[in-house]
Structures are given as C-alpha cells and as structure tokens.
Amino acid sequence: MKRIELKNLKYSYGKNQILKSINYQFYSGELIGILGANGCGKSTLLKIMMGFLKMEDGQIYLDEKKQEEFSILDFSKKVSFITQKSNQNINFNVLELLKLGRVPHIKNNFKGLDESDYKVVKEVIDELQLQSYLDREVTSLSGGEFQKILLGRAFIQKGEVIFLDEPTSALDMNHSLELLAILSKKIKEDKLIGVIVIHDINLASLFCDKILFIKDGIIKYSGSPEKVIKEDILKDVYGFDPKILETKDGIFVLPKKERL
Ligand SMILES: Nc1ncnc2c1ncn2[C@@H]1O[C@H](COP(=O)(O)OP(=O)(O)O)[C@@H](O)[C@H]1O
Ligand SMILES: [Mg+2]
C-alpha cells in the first residue's frame with residue numbers, strides 16, 4: 001500500500017463532535033505521529049482508521065479503495081495495531097501470542113499455521129531477538145517486554161499499515177527508544193505506513209517523519225518536526241509556554257521551571 005487518504009472525516013459521541021473535518025494523506029515509508037492535548041480525539045481517529053469505530057461522515061481510502069469496501073479478513077491482512085489497552089491478562093505464552101499474528105493468513109482452518117507461516121514467525125523472533133521469551137507466560141512480562149512482543153506480533157502479521165496508540169507511555173526512556181528505533185527501521189525497510197499516537201514531543205521529534213497536531217477537531221498543524229515543533233504552535237495546542245532547543249540531534253522541548 002502506498003497511501004492512506006482521509007477526506008473530511010467526522011466523528012461525534014452523541015452530540016459532542018470530536019472530529020470536525022480531518023483531512024490527510026499518509027505515505028508508505030513514513031512514521032506519522034499524532035499529537036495533541038488529552039481528549040482532543042487522537043484515539044478516536046485511530047479507532048476509525050483501524051475500523052473499530054464507524055465515521056459519521058467522510059472517506060478513508062487505502063490506495064484507491066475505500067475502507068468500507070474491504071472484507072474484514074482482507075482488512076486484517078493489511079492492518080495491524082497495538083492499542084492503548086492491549087490486554088496483558090491472557091493465558092498464553094509468548095510464542096502462542098506471536099503465532100496469533102498469522103491468523104488472518106491461515107489458508108486451511110483445520111490445519112492451522114503452515115510452513116510458510118512458521119517461517120515468518122521465526123524470522124521475526126530472530127529479528128527482534130525474542131528467543132529467550134518464547135516460553136514465558138504473557139502475564140509475567142514487564143510492560144516493556146510486553147510492548148516488544150506486541151510489536152513482534154504486528155510484524156508477524158505482515159500488515160502494510162501499523163497503528164500504535166501510546167505504546168511507550170508506560171515505558172522508561174531506554175525501552176521507549178528501543179521500541180521506536182525498531183519500529184521506525186521496519187517502516188523504512190519494508191515501506192510500511194506507521195501511525196502512532198504519542199505524547200512525548202521529544203520522542204516524536206526524534207522518530208516521526210511528520211507530526212500532526214489535532215486541535216478543535218481538525219489537524220491544525222502538520223509537517224516535519226522542524227516545521228511544527230515551534231513555540232507558538234505548542235502554546236496554541238497545549239496552552240503552555242515552551243522553551244525549545246534546536247540541536248544537531250533534533251528539536252527538544254524543555255519544561256520551564258517557573259510553571260511549577
Ligand atoms: N465512548 C465514548 N463516549 C463518549 N465520549 C467519549 C467516548 N470515548 C471518548 N470520548 C470523549 O471523546 C473525546 C476524545 O477522546 P479520545 O479520542 O480518547 O482522546 P485522546 O486520545 O486524544 O486523549 C474525549 O473528550 C473523551 O472523553
Ligand atoms: Mg487516547
């Protein structure tokens with residue numbers, strides 16, 4: 001898939017219109033960060049793109065085909081996701097969870113996974129170095145390990161699009177960097193489309209090719225981190241006075257102590 005296009009997408013919870021008119025084109029090979037204040041509609045937008053919520057109006061095109069024209073099976077072959085509330089309380093070991101990534105591809109329901117499926121599972125286990133985790137119960141994993149396994153499952157699914165809702169919010173800096181580095185490398189190498197909701201502006205600046213800021217139900221600002229991580233934009237989006245540091249390693253937002 002080369003492109004996802006959102007056209008005039010709208011969504012309301014009851015009378016409360018959260019998304020007023022969302023327009024954007026996502027291209028393969030890019031990791032796009034969706035940012036904005038709490039409650040601005042980031043997760044809602046992701047849920048619509050993942051097919052969990054039905055938009056009130058508008059269109060989503062995956063290349064030239066409308067999202068609604070995909071069968072559930074075809075859609076689940078194309079799209080994988082790591083959601084905010086992915087449930088770790090499951091009675092599976094890691095290998096079993098990883099194998100679930102192949103479910104949309106099963107050719108013979110009686111036989112289950114075939115040789116080509118196992119080949120994909122093995123490749124990803126090697127790629128992410130998950131060998132030592134395979135027998136572990138999923139409930140016994142740390143938050144960082146669990147997120148990495150979920151990323152592995154998404155890779156095993158071989159979707160062309162990966163959606164992630166705050167995958168790093170419970171991770172320490174080192175685990176966040178590891179997860180985002182693996183993700184962004186994969187997106188570049190396999191020419192996937194990556195869409196990530198992420199709160200940390202500095203991590204977004206380091207790893208995202210483009211950043212979208214949602215405010216008042218629209219994508220109010222979008223562009224490369226250099227273009228949109230600006231004092232006036234952040235002040236408008238979040239309502240605080242940021243201090244911005246531009247370095248050769250990226251653009252960073254510093255907290256100002258006088259706010260405390
Ligand atoms: N099921 C729901 N029913 C009613 N309101 C909802 C529901 N889910 C989310 N909302 C509201 O919609 C707004 C956007 O939610 P969400 O997309 O989760 O925001 P974000 O992910 O940007 O923090 C919030 O004000 C939230 O309270
Ligand atoms: Mg959210």
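No lab work stands behind these numbers, since they all come straight from the coordinates. Since we're looking at a predicted model, the values are computed, not measured. Using ideal geometry, Cβ is built from the backbone for each residue, glycine included, and neighbour counts are taken over all protein chains shown.
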Open item on the list: So if the hydrodynamic radius of region 1-40 is defined as the Kirkwood radius over C-alpha pairs, what does Stokes-Einstein give as its diffusion coefficient at 4 °C and 1.567 mPa s, in µm² per second?
Closed with: 109
TODO: Pop a pseudo-label 7 angstrom from the Cα along the beta-carbon direction at both Met173 and Glu127 and give the gap in nm to one decimal.
DONE: 2.9
Open item on the list: Using only DSSP helix segments of four residues or longer, with each worth -39500 (n - 2.57), what per-residue ellipticity at 222 nm results for the chain after dividing by its residue count and rounding to 500?
Closed with: -9500 deg cm²/dmol
Open item on the list: Name the residue from Asn93, Leu150, Leu128 whose Cα lies farthest towards the positive end of the charge dipole of the chain, charges +1 on Cβ of Lys and Arg and -1 on Cβ of Asp and Glu.
Closed with: Leu150
Open item on the list: Distances longer than 19 Å among the Cα atoms of region 67-202: what percent of all pairs is that?
Closed with: 51
Task: P(r) histogram, all alpha-carbon pairs of region 3-259 included - 5 Å bins from 0, percent - done: 1, 6, 13, 16, 18, 16, 13, 9, 5, 2, 1, 0, 0
- [ ] Put one equal scatterer on each alpha carbon of region 136-260, apply the Debye formula with no solvent term, and list log10 I(q)/I(0) at q = 0.15, 0.21 1/Å to two decimals.
- [x] -0.79, -1.28
Open item on the list: Which one, Phe110, Gly41, Asn16, projects farthest toward the positive side of the charge dipole computed for region 3-259 from Cβ point charges (K/R +1, D/E -1)?
Closed with: Asn16
- [ ] Rank the residues Tyr61, Tyr133, Tyr13 as a footprinting-exposure proxy: fewest other Cβ atoms within 10 Å of their Cβ go first.
- [x] Tyr13, Tyr61, Tyr133
Open item on the list: Cross-link candidates for Lys256: which aspartates and glutamates have Cα within less than 18 Å, leaving aside residues fewer than 8 places away along the same chain?
Closed with: Asp200, Glu231, Asp232, Asp236, Asp241, Glu246
Task: Dipole in debye (nearest 20) - region 3-259, about Cα centre, beta carbon charges: Lys, Arg +1; Asp, Glu -1 - done: 500
Open item on the list: Can you list which of the DSSP-assigned H helices in the chain have a Cα extent of 20 Å or more along the long axis and an average Kyte-Doolittle score of at least 0.0?
Closed with: 143-157, 173-189
TODO: Using the number of other C-beta atoms within 10 angstrom as an exposure proxy, rank Leu6, Leu134 with the fewest first.
DONE: Leu134, Leu6
Task: Cβ-based net charge around Ala170, under 15 Å, with every Lys or Arg adding one and every Asp or Glu removing one - done: -4
Task: Over the chain, relative contact order from alpha-carbon pairs under 8 Å, at least 6 apart, % - done: 26
Task: For region 191-207, 3J(HN,Hα) per residue [Karplus equation, 6.51 cos²θ - 1.76 cosθ + 1.60, θ = phi - 60°, Hz, x = Gly/Pro] - done: 6, 8, 9, x, 10, 10, 8, 8, 7, 6, 5, 5, 5, 4, 4, 6, 10
Open item on the list: If you take every residue apart from Ile196 with its C-beta less than 13 Å away from the C-beta of Ile196, what net charge results, scoring Lys and Arg +1 and Asp and Glu -1?
Closed with: -2
Task: Thr44, Thr139, Thr247 arranged by Cβ crowding within 10 Å, fewest neighbours leading - done: Thr247, Thr139, Thr44
Task: Local net charge near Lys243, Cβ-Cβ under 9 Å (Lys/Arg +1, Asp/Glu -1) - done: -1
